[in-house]
Structures are given as structure tokens and as C-alpha cells.
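Okay, structure first, notes after.
The values are calculated or read from the model by the stated rules, or taken from the named source; none is laboratory data. Keep in mind it's a predicted model, so treat the numbers as computed, not measured. Here Cβ is always computed from backbone atoms with ideal geometry, including for glycine, and neighbour counts include all displayed protein chains.
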Amino acid sequence: MSKQIPLKVVDGGNLYESAPKIYPREIDGRFQRLRTLAVWVLLGLFYLMPWLNWDGRQAVLFDLPARKFYILGLSFWPQDFVFLALLLMIAAFALFFFTALAGRLWCGYACPQTVWTEVFIAIERWCEGDRGKQMKLDAAPWTREKILRKSAKHSLWLIFALWTGFTFVGFFTPIRTLAQEAATLSLGGWEWFWTLFYSFATWGNAGFLREQVCKYMCPYARFQGAMFDRDTLIIAYDTERGEPRGSRRKGVPSVLELPRLADGAFADGDPKQGDCIDCTICVQVCPTGIDIRDGLQYECIACGACVDACDSVMDKIGYPRGLVRYATLNSLEHKTPHVIRPRIIIYGLILLTLIGSFTYAVFNRTPLLVDVLRDRNALYRIATDGGVENAYTFKIVNKDVVAHHFAIRISEGGTDLTLHTHVDEIVVAAEGVANVAVTVSAAADKARGQREITFEVHALDSDMQRTQKSRFFGPS
Ligand code: SF4
Ligand code: SF4
């Protein structure tokens, strides 16, 4: 017989239960200061970077129409796709490595969702006050003050979101041109679209969705468990020290100060009260609205706000800090922690190898590409003097930001061959492409059958050079 599953009916019959708004309480402390620093550094980089110039060009520009990326003096062309692949692999393994080592560092301090939400929450507090005032304001009827406060908040959010959208587009279109166009409202259709789209996304994600992005939309929250083990640092409540929780009289010593026997047991029997005074401040400051005392939960973004909150409570009542702290499951159970373990070594070695390869490849790449195409119409032609000629077209790509002078020669397989070009020096403009017609000839008696030859294109004004293999054909 099938068993009926009861459905939870909420909101007068609506099966969708809207998430209650979370009002995180303001907190100061070590980790909050670290988060504020991260916000300043990361947003500073984001908003300033497109305005910096390098070699007379925007320092960071992803020029999609031209299919070229410029990053601090380096230019990447479509042929450099391998660098992008390497960068993505570095990002993935860095995430694995740091998550296995120290939990959700990324979520708590560097994720764009966290960073922008911090700013939106700061603006909200500035306009509406801290947690208590916000809750009161939301519950109050619409008065002049409420309208003014809400309007101020949304206006500031909107300005910040528009500035964010504009900056984002400024990474793809030269930002100074974009600013001039924005000032005269003459932005192109796509520029309007992406500026408004990204502004709207910022406003919605950081202003309204906030922790729901982490809880329901972010895939990382779901698979992070696979990277955790009992030696991964997590934010944890020390149940052994904190329970049984409850309010207490003044002067009761901390559990940590009670006399213990050699085996660790309490000399006077288990304490009737733990160190948690059940003030719930750790819950009030949590941006995802969870109670860390319920144990490790996937909603926890490891922001450390509850650590700061509980430390401040412990300071006030004169107890040692650390009832809520960064800890590993093993250390909470008094087992020996293992920071260096196989997965850390494997992730670390792969990460180092990838970073090493990327650095070596970037700094040793030649900004010169050469393609050699044989004449498709004829394998060879017989010259008036009876000699044999083969025709080629060279495509020389100069990816450098300055022009270069090049010459071509046959470096292998052609001591008896002669190379002819229309010019001795081929000038290729900065980031330019030159198509050069080349003829290679041989005396009739030296041109039997086919052979492999190697062309070398080298710069006359630098040490850039490239070789390309091709074939020389004669009568069989
Ligand atoms: S802040 Fe500390 S003392 Fe207060 S409820 Fe949380 S864990 Fe207990
Ligand atoms: S439980 Fe603590 S560390 Fe986790 S999200 Fe909430 S406040 Fe941040």
C-alpha cells in the first residue's frame, strides 16, 4: 500500500514559502576587519583597474570584437587559448587546495556575492540603522520617514549598482570612451544592455537575494563537502565547552577554569552549566541566518561573524575566547590534527606545477606567429632557365605592441635552394598581420622528387623567431 507524503501547506494554501528576511546584526572583531579589508582591496581592484593604462593602452581590456585580451602589458590572441585553459585549471585547483586546507575561505572573504553584499548591507545600515531599527522600520506603516529612508537606500543601491555595471562593461570596451558615451547618453545597444543587465544583477543579488544565492543557486555550496575531511578548518561551536547552555549568575567560572583530573575528567563531576550563555548574538550576526551551535551546515559561508560575536560576549563575561572558533573536527575531539595530509600534498603539487607552467609559458612565449601555405594551384613550376620553383604565402602575425622588421630564410633542408621575396625586410605593424609571397627555386638537377624544408622567420630588431616546416616539390 502506498504511503501518502504530507505536503506542508503555507500562506493560505500556497506551496511556496517565501524566505524570511535576515537582518544581520553589526559586529566588530578580527574577522570582520579582515572582511572589510578584503572588500576594500577587491572592490578597489575592480573599480580602479580599467582606469589604469599600460604602454598607452587600458591595462586590463578584454576586447571581444578584436578577440584580444590585454592584461598588464601582455596581449593574448585566440591562438593563446591554452593560457586561458591553464588559468581556469589554476583557479579550480586553488579552490580545491584552499578548501581542503581552510574550508570556505573563498565564500567568506572573496566571493563577489559576499563582497558586494557587504557593501549593500553597509548602505542599508547607513540609511535604516542596525538590525533592531531595520526590523522596526519594516514592520511600521508607511510614514514620511520610512519613505525617505527606503528611497535613500534604494537610490544609493541603484547608483552603486549602475557604477558596477558600467565598470564591468569597461573591462570589455575602453572605459574612457565608454564614459564619454555615457555622459552624452550615446552608448551602443549592447553597451546599454550589459550595463543595465549587470547593474540589475548586482542590485538583485546583493540587495535582495543575498544568502539565498549561497543557499540555493551556488553549486560550490553543494559539492564543497567532497573536499572537506576531519582536518579541514571550519567555523565550529565547541559543544563540549558550551553545553548545557543557559544564563548564569555573575562570578561562575568558565568550564575551562574548572579543575580537571589527569585523564581530563572534571574533578568535581560534570559542570551543570557550559560556557554558552544562550545570548543568541552569534545567530543574530549570521548573514545566512543559521545557528552555528547546531553543528556544521552547508549554509555556513565561514564569514567568521559568529566568532567575533561570541568572542565579544566572552570578553564581556570574562571567559576565555574561542567558544565559537576556527577548528577542525579532529581538534574538537582532542585528536591530533593533520594539516599536511595526502590530498593537501596532491592538490598543492598540481597547483604548483600549473602555476609554474603558466608563468614559464607566459614569460617565454614569442609574440610572433607564422603560417606557411603552399600554392594550391601547382606543386611546382618550371622557370625559363629550366630551374624548378615552388610558391608559398607566409602569414606573419606580430602580436607585440610595437612594429617589428622580419627576414625569412631556409634553416634546414635547403642548402641548394634559393629563397626570393619582394623585399629584404618585412615590416609588420604592432599587432599587425602581413601576407608575404615567397618563391623557392632550385637548379633542375637538384630538384628531383620532394623533400622537407624548414623556414625560419626572425626579427631583425629583437630575438624573436619562429620556424615552420613545409615541403619542396620537383619533377619525379
Ligand atoms: S554568542 Fe556565544 S555565548 Fe552567545 S549564544 Fe552564541 S555561542 Fe552562546
Ligand atoms: S554560522 Fe558563523 S561563520 Fe557561518 S555564515 Fe553564520 S556567522 Fe558566518
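For Ala221, the stated conditions do not hold, so it cannot be described as within 30 Å of Cys310 (Cα to Cα), free of Cβ contacts under 8 Å to residues at least 12 places away in the same chain, part of a helix (DSSP H, G or I) and among the hydrophobic types (A, V, I, L, M, F, W, C). Does Cys276 qualify as being surrounded by 16 or more Cβ atoms within 10 Å (Cβ to Cβ), touching a residue at least 24 places away in the same chain (Cβ under 8 Å), within 38 Å of the chain's Cα centre (by Cα) and within 30 Å of Pro112 (Cα to Cα)? The answer is no for Cys276. Among the residues of this structure, Gly242 counts as one that is on the phi < 0 side of the Ramachandran plot and in the same structural domain as Arg293 (by TED's automatic domain parsing). Within region 282-303, residues that are under 15 Å from Arg104 (Cα atoms) and without any contact (Cβ under 8 Å) to a residue 12 or more places away in the chain sit with their Cβ atoms under 9 Å from residues that are of a type in the set (Ser, Thr, Tyr) and surrounded by fewer than 22 Cβ atoms within 10 Å (Cβ to Cβ), at 6+ positions apart or across chains, in these pairs: Gln297/Thr288. From the list Lys8, Lys21, the one residue that fits, being modelled with pLDDT under 95, within 30 Å of Ala309 (Cα to Cα) and either touching a helix residue (DSSP H, G or I) at 6+ places or on another chain (Cβ under 6 Å) or not in a helix (DSSP H, G or I) (or both), is Lys21. Among residues of region 159-180 that are at negative phi, those with a Cβ under 7 angstrom from a residue that is in a loop (DSSP other than H, G, I, E, B), sequence gap 6+ or separate chain, pair up as Phe172/Leu64. When region 277-327 is filtered for residues that are among the small types (Gly, Ala, Ser), closer than 14 Å to Gly29 by Cβ and within 10 Å of ligand 2 (Cβ to nearest atom), the ones remaining, listed by number, are Gly304, Ala305, Ala309.
With the structure loaded, tell me whether Leu258 is farther than 22 Å from Leu233 by Cβ and touching a strand residue (DSSP E or B) at 6+ places or on another chain (Cβ under 7 Å) or whether it fails that test. In short, yes. Do we have Leu95 as within 16 Å of ligand 2 (Cβ to nearest atom) and under 30 Å from Tyr326 (Cα atoms) here? Considered against the rule, which asks whether it is within 16 Å of ligand 2 (Cβ to nearest atom) and under 30 Å from Tyr326 (Cα atoms), Leu95 comes out as no. The helices (runs of 4 or more DSSP H) located wholly in region 56-153 that include 2 or more residues which are in contact with a strand residue (DSSP E or B) (Cβ under 8 Å, 6 or more places away or on another chain) occupy 81-102.
Specify which of the listed residues (Arg325, Arg409, Arg381) is basic (Lys, Arg), under 30 Å from Arg248 (Cα atoms) and modelled with pLDDT of 90 or more. Don't jump to the end; show me each part of the working.
Working: Arg409 fails: under 30 Å from Arg248 (Cα atoms); Arg381 fails: under 30 Å from Arg248 (Cα atoms).
Of Arg325, Arg409, Arg381, the one residue that is basic (Lys, Arg), under 30 Å from Arg248 (Cα atoms) and modelled with pLDDT of 90 or more is Arg325.
In this structure, is Val252 surrounded by fewer than 19 Cβ atoms within 10 Å (Cβ to Cβ) and modelled with pLDDT under 90? Please lay out each step first, then the result.
Working: surrounded by fewer than 19 Cβ atoms within 10 Å (Cβ to Cβ): yes; modelled with pLDDT under 90: yes.
Answer is yes for this residue.
Checking each residue in region 347-371 for being crowded, with 17+ Cβ neighbours inside 10 Å and under 21 Å from Phe406 (Cα atoms) picks out Pro367, Leu368, Leu369, Val370.
Of all positions in region 282-291, at least one carries a residue that is part of a helix (DSSP H, G or I), buried (at least 20 other Cβ atoms within 10 Å of the Cβ) and within 8 Å of ligand 1 (Cβ to nearest atom).
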